Structures are given as C-alpha cells and as structure tokens.
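The values are calculated or read from the model by the stated rules, or taken from the named source; none is laboratory data. Predicted, not measured: the structure shown is a model, and the values here were computed from it. Here Cβ is always computed from backbone atoms with ideal geometry, including for glycine, and neighbour counts include all displayed protein chains.
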Amino acid sequence: MANGKTPQRIRGTQDIFGEDQRRFQHVVDTFDRVRRLYAFQRVELPVFEATAVFARSLGETTDVVSKEMYSFEDRGGDSITLRPEFTAGIARAYLTEGWQQHAPLKIATHGPVFRYERPQKGRYRQFHQIDAEIIGAAEPQADVELLALADQLLKELGIADGVTLQLNTLGDAETRDAWREALVAHFEKHRGDLSEDSLARLDKNPLRILDSKDPRDRPIADTAPDIDAHLSSAAGGFFESVTKGLEAAGVAWTRNSRLVRGLDYYRHTAFEFVTDRLGAQGTVLAGGRYDGLIGQLGGPETPGVGWAAGIERLAMLVEEPTEARFDAVVVPMGDAAILRGQAIVTELRRAGVSADMAFRGNMKKRMAKADALNARYAIILGDDEIAKGEATIKALDDGAQASARFELLPWTIFDLVFEDIGYEDRKESKPPLASRMPTKKAGEVYWTR
Ligand code: ATP
Ligand code: MG
C-alpha cells in the first residue's frame, strides 16, 4: 500500500491461535459430543437479524438492548443487529421456519455473538457462546435435562470442581407482580443511595436492580426481600419439581434467592454456574425458562428453556488439552527424493495416516520438524533409498529403524500406528479410517538399531 499504517484489530475482538485455539476447540468439541448424548440437534443460524428480533425479545430496558447492541442500517435501509445472544434468533426461527411441528425441540449451536461492552479480561465485543435450548416443553423435566447437560459438560471439561450451580425461581406472572411490589417498596426506601442506572430501572424493571454490578447498589440489592414469601402454589410446585429432578439426576445446586437474569423474558427457573476463579467475570454458564418470549415475538404462547455459556471463559478454566500424536513426517533429501516424497505424503494422507513433509533446511532441521509435530515416525528418503525403491522408517521414540518398499509404505505406517495405539482408539479419533482398512498386509517390519 502506498501510505498509511496497517489497519489494526478492532478493540474487543480476538484472533485466537495456538494454545488458546486448542482450548477453545476442546470446549466446542466436548459440547458437541455431550449434546449428542442428550439428543440435542445441531442448528446453524444467521449472525444478524432484524433489530426487532432482539429489541422485542430481550426488552428495551435491558443493558443488551439499551447500550450493547451492534445495530446498523443496511443498504436497503433496514435496521439490522449482529446477534448479541442466540435465544431470540432461535425463537424467531421456531416461528418463521415451521419448527413448531418438531416440538418439543431440543437444539444446540455455537458461534460468535456481539456486544458493545468495555473490553477487559474475559469480556469482549465479539465473543463466542455455546447454547442449548428446549422449545415447546412446559414440563420441569426440560429444565432438569438442560441443567444435567450443563453439569455433565462442566464435569467432562474437568472444571466442575470450582463451579457452583446457583438456582432460583422467578415465579409466574402472579408471583412476579407481588415480588416486584415488595422490591419497589424496598428500593424506594434507599432511593438516595442507588446508582443512576438503578434509579432508571426502578420504574421500568426493578428486578434487574438485583443484578447490578455497581458497588453502590450491592448492599441495597443484597438486603432486598427474596421471592419466597410471594411464590404462588403453582410456581412453588414447579420449582420443587425442578429441584427434586436435580436431586434424582445427581446434579448439585445451591439456592440463590436473589438471582435474576439480565433479560426480561425469564420465568420460573433461573440459574447461573459461577466460579470464583475468573475474578469479576465469574459467570460461566447461565440461563433459565422463558415462557413469555415467543408470545412477545408475536407467536402463540410457547414455553422454552435454555442456557448459554461463554466459550472464552470456559476455555480459560480448562487444562491445556493434550494433543493427539502425529503419525509421520516425510524427510526427503535431494530433488528426486522431494518428488517421490510428494507422492508418498499424499498416499499416506489418502490412507488415513496424518502426514507432513519437511522440505526446508538441512537434515537436522528437517528432523526437528518431525519432533515439533510430535510425530511417531520419520520417513527418510535419500539417494540410497531412491536407488533401492525403499524408504527408511525411523521410530522417533526409540530411534529404531526399518525399511519398507515405497508401494507398501502407506499400509506399513498404518499398521505400525495401529500396533502403537490400537484400532479402537483410532476409530474414535478418525471415523473415516474404518472404511480404509488396508487391503494388503504390509508384512513383517524388521527393526534395526
Ligand atoms: P455478565 O453478567 O458477565 O455480563 P451476562 O449476564 O451478560 O454476563 P449472558 O447474557 O447470560 O451473560 O451470556 C451468557 C454467558 O456468555 C455468560 O455467562 C458469559 O460466560 C458469557 N459472556 C457474556 N458477555 C460476555 C462478553 N462480553 N465477553 C465474553 N463472554 C461473555
Ligand atoms: Mg452482560
């Protein structure tokens, strides 16, 4: 470019690479495996929606809608918003795509979401969520199943120990109205000490003052009346079914009678999985029941329950995943060997063997590449090997060497890797391999040291 500086990454976005990416991938892969165990179907959804999808679902007075949305007018003059969360878009799709016929629908997804927030550790403007929802089920069993899914996911990620499930009920409409009155009376008494944000919430949505992070609000929120005195018998019964179900499923929880969620659409069950290992950004997974949402979007009254978790926050908590070992690195020396190497590396990959070629620097440098990839075998091709039509196989763990004819090389390496790790393990990590079992037996390999 003629002049000007290189454009920089936008504040609050991330380029995720190396160890960070491996952690991220580990969270996504684990989620994808566990959601299948629970029969949740994967869906792919648009990254942007009509602004009304979020404005109507989340409520105009929520932080997300009032100050965090990335909204813009597109070239056709329509107001568009980058999704700040998944639930509203899923509810929209449920209505517009005829998914009602599949109710109760258990779905899962993951991807980027966007919120204009002040960036800091664990808080970004483009971050990523995993998300699970059950739409069209009013039964408390759906709540239990979603919580069991979340609990198993955190256990399989190895982070359940430092994380607590905090559970509350927000009751039904009758309960909420009665509780709201009691809260307003309490907050009115402390009007002078509330933050400006909370004063604004006092008229529109006093429940949300309980969720405030402002230190001026905390003592007032912490001494506010809890919901229990106002629970209708229906709402109390629902909550009891959920807690009994959790006990039956072996999911540990604690009651947090002042837990509310930041969005307007929640009813009954509300929950957060919280850790003290991430400082102020301690909520790793959160959700609840949103029986009012689909009606708010103009659809028939439809119950729903779901949760979302920040992938970055989960990734910060997991241990670095161990990398699968690489099978083979082809190390050619000389022009003829390079061409032969190109053929061999391709054949290896087609046989389901992970393989790469080292083509830069001297022999030592090329062997270092095999080490860097944590490969099991180096396949060495020099002038001697080309003349004989045989490659030298070097086992990188113990330095033993053997040779194999070029045409048998894919099957030889394939067999060797099987001997090392067993067929069943391999089938797990690379499913297509089963159909690529070698048709020829490579024969004995004679190792020399
Ligand atoms: P917080 O109270 O931390 O702002 P939230 O209530 O806004 O969270 P939700 O809308 O419930 O969060 O989103 C679910 C999860 O997404 C959170 O528990 C958290 O793990 C993650 N999350 C939310 N906002 C961000 C962000 N800006 N950057 C990274 N992760 C986030
Ligand atoms: Mg937030």
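Just the residues that are within 16 Å of ligand 1 (Cβ to nearest atom) and either within 25 Å of Gln296 (Cβ to Cβ) or in contact (Cβ under 8 Å) with a residue 60 or more places away in the chain (or both), please, taken from the stretch 99-119. Walk me through it before giving the result.
The first filter runs over the stretch 99-119 and keeps only residues within 16 Å of ligand 1 (Cβ to nearest atom), leaving 108-119.
Residues satisfying the conditions are Ala108, Thr109, His110, Gly111, Pro112, Val113, Phe114, Arg115, Tyr116, Glu117, Pro119.
Restricting to the stretch 286-311, name every residue that is within 10 Å of ligand 1 (Cβ to nearest atom) and under 21 Å from Leu207 (Cβ atoms). Please lay out each step first, then the result.
From the stretch 286-311, those within 10 Å of ligand 1 (Cβ to nearest atom) are 286-288, 307-311; that's our starting set.
Correct list: Ala286, Gly287, Gly288, Trp307, Ala308.
Of the conditions (1) surrounded by 15 or more Cβ atoms within 10 Å (Cβ to Cβ); (2) without any contact (Cβ under 8 Å) to a residue 60 or more places away in the chain; (3) among the β-branched types (Val, Ile, Thr), Thr96 satisfies every one except a single condition; which number is it?
Of everything listed in (1) surrounded by 15 or more Cβ atoms within 10 Å (Cβ to Cβ); (2) without any contact (Cβ under 8 Å) to a residue 60 or more places away in the chain; (3) among the β-branched types (Val, Ile, Thr), Thr96 misses just condition (1).
Anything in the stretch 110-133 that is within 15 Å of ligand 2 (Cβ to nearest atom), assigned to a strand (DSSP E or B) and either under 13 Å from Val47 (Cβ atoms) or touching a Pro at 6+ places or on another chain (Cβ under 8 Å) (or both)? List them, or say none.
Val113, Phe114, Gln126, Phe127, His128, Gln129
I need the helices (runs of 4 or more DSSP H) fully contained in the stretch 182-289, keeping only those with at least 3 residues that are touching a residue at least 60 places away in the same chain (Cβ under 8 Å), surrounded by 15 or more Cβ atoms within 10 Å (Cβ to Cβ) and assigned by TED's automatic domain parsing to the domain that holds Lys121.
Details: elements: 196-204, 218-222, 233-249.
The qualifying helices (runs of 4 or more DSSP H) are 233-249.
Take the conditions touching an Asp or Glu at 6+ places or on another chain (Cβ under 6 Å) and not in a helix (DSSP H, G or I) and apply them to Gln166. Does it pass? First the steps, then the outcome.
Numbers: touching an Asp or Glu at 6+ places or on another chain (Cβ under 6 Å): yes; not in a helix (DSSP H, G or I): yes.
The answer is yes for Gln166.
Quick one: which of Ala343, Ala337, Ala391, Ala368 is assigned to a helix (DSSP H, G or I), touching a Leu at 6+ places or on another chain (Cβ under 6 Å) and either in contact (Cβ under 8 Å) with a residue 40 or more places away in the chain or not polar (S, T, N, Q) (or both)?
Ala337
What about Ile107, is it assigned to a strand (DSSP E or B), surrounded by 12 or more Cβ atoms within 10 Å (Cβ to Cβ) and either out of contact with any Cys (no Cβ under 7 Å at 6 or more places or on another chain) or modelled with pLDDT under 95 (or both)? I'd like the intermediate steps shown before the answer.
Working: assigned to a strand (DSSP E or B): yes; surrounded by 12 or more Cβ atoms within 10 Å (Cβ to Cβ): yes; either out of contact with any Cys (no Cβ under 7 Å at 6 or more places or on another chain) or modelled with pLDDT under 95 (or both): yes.
Yes; evaluated as a whole, the condition is true for this residue.
Given the conditions (1) surrounded by fewer than 23 Cβ atoms within 10 Å (Cβ to Cβ); (2) of a type outside the set (Ser, Thr, Tyr); (3) away from ligand 2 (no atom under 16 Å from the Cβ), which single one is not true for Ala308?
Evaluating Ala308 over (1) surrounded by fewer than 23 Cβ atoms within 10 Å (Cβ to Cβ); (2) of a type outside the set (Ser, Thr, Tyr); (3) away from ligand 2 (no atom under 16 Å from the Cβ) leaves (3) as the failure.
From (1) away from ligand 2 (no atom under 14 Å from the Cβ); (2) without any contact (Cβ under 8 Å) to a residue 60 or more places away in the chain, pick out the condition that doesn't hold for Ser66.
Every condition holds for Ser66 apart from (1).
Could you tell me whether any residue of the stretch 122-133 is modelled with pLDDT under 95 and more than 21 Å from Phe239 (Cβ to Cβ)? Give the steps one after another, and end with the answer.
Kept after step one, since they are modelled with pLDDT under 95, are these residues of the stretch 122-133: 122-123.
Filter again for more than 21 Å from Phe239 (Cβ to Cβ), leaving 122-123.
Looking for residues that are modelled with pLDDT under 95 and more than 21 Å from Phe239 (Cβ to Cβ), one finds at least one in the stretch 122-133, hence yes.
Just for strands (runs of 3 or more DSSP E) wholly inside the stretch 22-87: which have at least 2 residues that are within 16 Å of ligand 1 (Cβ to nearest atom)?
Details: elements: 48-50, 70-73, 79-82.
So the answer is 79-82.
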